[in-house]
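Each remark here refers to the structure printed beneath this line.
The values are calculated or read from the model by the stated rules, or taken from the named source; none is laboratory data. None of these values were measured; they are calculated from a predicted model. Quick reminder, even Gly has a Cβ in these numbers, built from the backbone with ideal geometry, and neighbours come from all protein chains shown. Side chains are part of the model used for accessible areas, which takes the heavy atoms of the whole protein and leaves out ligands, DNA and RNA. Shrake-Rupley method; radii C 1.70, N 1.55, O 1.52, S 1.80 Å.
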Amino acid sequence: MSDDERQPIFNAPWPAVVATLVIVGGYFIQTLLPQNWLLANFAFSSAAFEQGRWPLLFTAIFLHGSWAHALMNAGAALAFGTPVARYFGASLRGALIFLVFYLLCGGLASLGYGLVNPGSTTLMIGASGAVAGLVGAAARLIGRPTPGPFLSPPVISMTLGWIAVNLILALVGFAPGLGGAGVAWEAHIFGYIAGLLLISAFGRVAGAQQA
């Protein structure tokens, strides 16, 4: 095999790598700051959102509960963000669209959680909802250069699997490795649906190939 034919071991598109590093680096910075102050000002809760604190829909994405929490989300962001970022393209325009897509999925995930749990003062943090959006988008890109139909076998099987896993988390009440912390499974499902529905529209804005 010639040098030109060799594939790099690590070839994830740079927007997906940046999203991953933001999660890891963000949590490192978080560990250096007063935790109570961060949670009080940037964590999402339904009650705070109902009082008009809408920026919490997005600020909560950048906080995590532990290194395990951050690293799990970072790994998932890299794995599922790779096909999405590749679809949008590695140009600056594609990267900005990837960023907006990621944040919008996270914001809609938080909003969905808030709508299902009105008036709750429970704090929710983490990039899980935004990452779930990447999972939903990636489901429509399985084995394809463009988003596949909603009722294609890969999309149906991945969607059913995602819902099943999160319903199990809802019954168990926590995720292994997170020290017994609660899981906002509703946000995972809303984020996934957002990614599933929005990938084609964002692809058109990015000028990406359509089916």
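Scanning the stretch 57-72 for residues that are over 14 Å from residue 129 (Cβ atoms) and open to solvent by 60 Å² or more (accessible area, probe 1.4 Å) yields 67, 71.
Residue 85 satisfies every condition listed in (1) among the small types (Gly, Ala, Ser); (2) modelled with pLDDT under 95; (3) touching a Pro at 6+ places or on another chain (Cβ under 9 Å) except (2). Here residue 54 meets the list (1) aromatic (Phe, Trp, Tyr); (2) part of a helix (DSSP H, G or I); (3) open to solvent by 40 Å² or more (accessible area, probe 1.4 Å) almost entirely, failing just condition (2).
Among the residues of the stretch 49-74, those identified as over 23 Å from residue 17 (Cα atoms) and either touching a Cys at 6+ places or on another chain (Cβ under 7 Å) or without any contact (Cβ under 8 Å) to a residue 40 or more places away in the chain (or both) are 51, 52, 53, 54, 55. Consider residue 75 carefully, then state whether it is in a helix (DSSP H, G or I) and surrounded by 16 or more Cβ atoms within 10 Å (Cβ to Cβ). No.
Residues are listed down the side, and each one gets a yes or a no for (1) of a type in the set (Val, Ile, Thr); (2) open to solvent by less than 20 Å² (accessible area, probe 1.4 Å); (3) modelled with pLDDT of 80 or more:
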{"position": "169", "(1), (2), (3)": "no, no, yes"}
{"position": "172", "(1), (2), (3)": "yes, no, no"}
{"position": "185", "(1), (2), (3)": "no, no, yes"}
{"position": "195", "(1), (2), (3)": "no, yes, yes"}
{"position": "198", "(1), (2), (3)": "no, no, yes"}
{"position": "203", "(1), (2), (3)": "no, yes, yes"}
{"position": "206", "(1), (2), (3)": "no, yes, yes"}
